[in-house]
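Trainee: I have a structure here, written as structure tokens, and I will follow up with some questions on it.
Quick note: the coordinates plus some simple rules give every number you see, no bench work behind them. Just so it is clear, the structure is predicted and the values come from calculations on it, not from any experiment. Heads up, the Cβs are rebuilt from the backbone with ideal geometry, glycines too, and the neighbour counts pull from every protein chain shown.
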Amino acid sequence: MAVPPTSARLLAFVAVSCRGAVPRALVAGSLWPEAPEHCANANLRSALVRLRGPARSALEVTSSAVRLAPGGSVDYHRARALAALVLDPDGSPLRRPRFGATTVLDLSADLLPGWYEDWVLQEAETWRQLRTHALEKLAADFMAARRHPEAVIAAHAAVQADPLRESSRGTLIRAHLAEGNATQARREFERYARRLWVETGVSPPDRLRRLVAGDRRGMRGR
């Protein structure tokens, strides 16, 4: 739906903080941190006035706080709950038939891409770390269950979330090897080596080299 930019920022802030009521002072101070307090409060009132129709009904507003209206839900918080379930050390998420390629998609979306305000960047980085760990764990679980195509998909999503992360790249290489795609595993290593050198000036760690080298020795012994 069409929402004025300032009102969209308000909706997004409340949605990210949807676990309870958000004090109006906190909303105003977070969205307009450079403005004097009375100006920030005025901006908040203006943003609320500009919300109309379904967008306005998504919020419950009082004189002291703003919160999501009863019955409202946020995909971001559903995805965070899914990541926590994947990472639960006391259970195997793969026992649930709904976990598969769709689970990877639910964990692959960035939070508010293209938004650069401090409150967004902080939350987006927290989410990136959480989902990367969850995707790595999911890929490892898929490999253990010999669900190799899904393991590759999950590991690739983890690499997309953080291209320079060694553990994600190693998981993707292992997934390719488990699937029997040794050539793709070596290409992935070489792709990582090039990018790592260009962006940081360092070479891949020896453990990744040994992973690929071990595969080559295995091929020569066949």
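Trainee: Above 16 angstrom, tally the Cα pairs of segment 106-208 and express them as a % of all pairs, no decimals.
Mentor: Value for segment 106-208 (Cα pairs over 16 Å): 58 percent.
Trainee: Amide H neighbours of V66 under 5 Å, counting only residues 5+ apart in sequence or on other chains, H built in-plane at 1.01 Å?
Mentor: Result for V66 returns V22, R24.
Trainee: When the Karplus curve 6.51 cos²θ - 1.76 cosθ + 1.60 is applied with θ = phi - 60°, which whole-Hz ³J(HN,Hα) does each residue of segment 109-117 get, with x for Gly and Pro?
Mentor: My calculation for segment 109-117 gives 7, 6, 8, 6, x, x, 9, 10, 6 Hz in order.
Trainee: Between helix 182-200 and the chain, what is the angle of the helix's C-alpha long axis to the longest principal axis, kept within 0 to 90° and rounded to the nearest 10?
Mentor: 50 degrees
Trainee: Against the longest alpha carbon principal axis of the chain, how many degrees, from 0 to 90 and to the nearest 10, is the axis of helix 118-144 turned?
Mentor: Tilt relative to the chain: about 30 degrees.
Trainee: Output needed for the chain: three equivalent-ellipsoid semi-axes, defined as square roots of 5 times the C-alpha gyration tensor eigenvalues, in descending order, whole Å.
Mentor: After diagonalising the Cα gyration tensor, the semi-axes are 44, 20, 12 Å.
Trainee: Using alpha carbons only, how many degrees (0 to 90, rounded to 10) separate the axis of helix 75-87 from the longest principal axis of the chain?
Mentor: 40 degrees
Trainee: What's the magnitude of the charge dipole for the chain around its Cα centre, counting Lys and Arg as +1 and Asp and Glu as -1 at the beta-carbon? Answer in Debye, nearest 20. All intermediate terms of the calculation are to be shown ahead of the outcome.
Mentor: Working: 33 positive and 23 negative charges, 177 e Å.
I would put it at about 860 debye.
Trainee: Still on this structure: Which is farthest toward the positive dipole end of the chain among P70, N43, A144, measuring Cα position about the Cα centre, with Cβ charges +1 (Lys, Arg) and -1 (Asp, Glu)?
Mentor: My answer, from the dipole projection, is A144.
Trainee: In addition: Anyone know which of G170, G71, G53 comes out most mobile in the 10 Å Cα GNM of the chain?
Mentor: For the chain, modelled as a Gaussian network with Cα springs under 10 Å, the answer is G71.
Trainee: Of A213, L87, T132, which is farthest along the charge dipole of segment 67-218 in the positive direction, counting Lys and Arg as +1 and Asp and Glu as -1 at C-beta?
Mentor: A213
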